[in-house]
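Here, each number is a calculation from the coordinates, and none is a lab measurement. What you are looking at is a predicted structure, and each value in this text was computed from that prediction instead of being measured. Cβ placement follows ideal geometry from the backbone for every residue including glycine, while neighbour counts extend to all protein chains displayed.
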Amino acid sequence: MTKRGVHLPLCIMVSEDTKHETFRLLRENQCFGLSRSQIYIVQQGMGVPALSDSNAKLVVKDKRLVMKPHGHGDIHSLLYTHGITKLWEKQGIKYMVLFQDTNGLAFHSLPLMLGVSETNGFIMNSLAIPRKAKQAIGGIAKLVHETTGAEKYVLRRLV
């Protein structure tokens, strides 16, 4: 929650591959109605070897190991090392939502999740959106119904 009249900030994490296109998109669309001072851009590191398959075969191109960004988890250290969370705290911002999904429809559930978190006093909450196979959207877990002995639901890791 912020004080009335405070403009909420937006932090966008980019990689070397997405940095220039993100800046171009923001510039050409006048930051989609936000002021430039509301937008923080942080860049992921390039430090993880790319894997070509589930057997963890390394990707080599032109006799060089192909490196990729660390992934979504970089946002936590980037927010900290850039002092963004401290700044937001000083601005009176009490909550932060990390949106790390390529499914834009997930935005509809974020206010509900924030309300549930506030009502129950959660310091952290996580939300996963179901996806269809082969869809280019992320997923971390799936709730599976099992009937081995006792009826139960089990959370299965997808990644």
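Can you give me the number of residues within region 15-32 that are part of a loop (DSSP other than H, G, I, E, B), of a type in the set (D, E, K, R) and over 18 Å from the mean Cα position of the chain (by Cα)? Before you say what the answer is, go through the steps one by one.
Let us first name the residues in region 15-32 that are part of a loop (DSSP other than H, G, I, E, B), namely 15-18, 29.
Subsequent filtering for residues that are of a type in the set (D, E, K, R) retains 16-17.
Checking the rest, the ones that are also over 18 Å from the mean Cα position of the chain (by Cα) come to none.
Here the count works out to 0.
Within the bounds of region 32-40, is there any residue that is out of contact with any helix residue (DSSP H, G or I) (no Cβ under 9 Å at 6 or more places or on another chain) and more than 20 Å from T85 (Cα to Cα)?
Yes, there is a match, as at least one residue in region 32-40 is out of contact with any helix residue (DSSP H, G or I) (no Cβ under 9 Å at 6 or more places or on another chain) and more than 20 Å from T85 (Cα to Cα).
Out of G45, G73, one residue alone is surrounded by 12 or more Cβ atoms within 10 Å (Cβ to Cβ) and more than 28 Å from G5 (Cβ to Cβ). It is G45. Among the residues of region 52-70, those identified as in contact with a strand residue (DSSP E or B) (Cβ under 9 Å, 6 or more places away or on another chain) and either charged (D, E, K, R) or surrounded by 13 or more Cβ atoms within 10 Å (Cβ to Cβ) (or both) are K57, V59, V66, M67, K68, P69, H70.
Applying the condition of being surrounded by 15 or more Cβ atoms within 10 Å (Cβ to Cβ) and touching a residue at least 40 places away in the same chain (Cβ under 8 Å) to region 83-107 and asking which residue is nearest to S15 (Cα to Cα) yields I84. Against the list (1) touching a strand residue (DSSP E or B) at 6+ places or on another chain (Cβ under 9 Å); (2) at positive phi; (3) basic (K, R), the condition K19 fails is (2).
Looking at region 23-50, I want the residues that are without any contact (Cβ under 8 Å) to a residue 12 or more places away in the chain and aromatic (F, W, Y) and have a partner that is surrounded by 12 or more Cβ atoms within 10 Å (Cβ to Cβ) and outside any strand (DSSP E or B) with Cβ atoms under 9 Å, at least 6 apart or on another chain. Which pairs are those? Hits for this filter: F32/L25; F32/L26.
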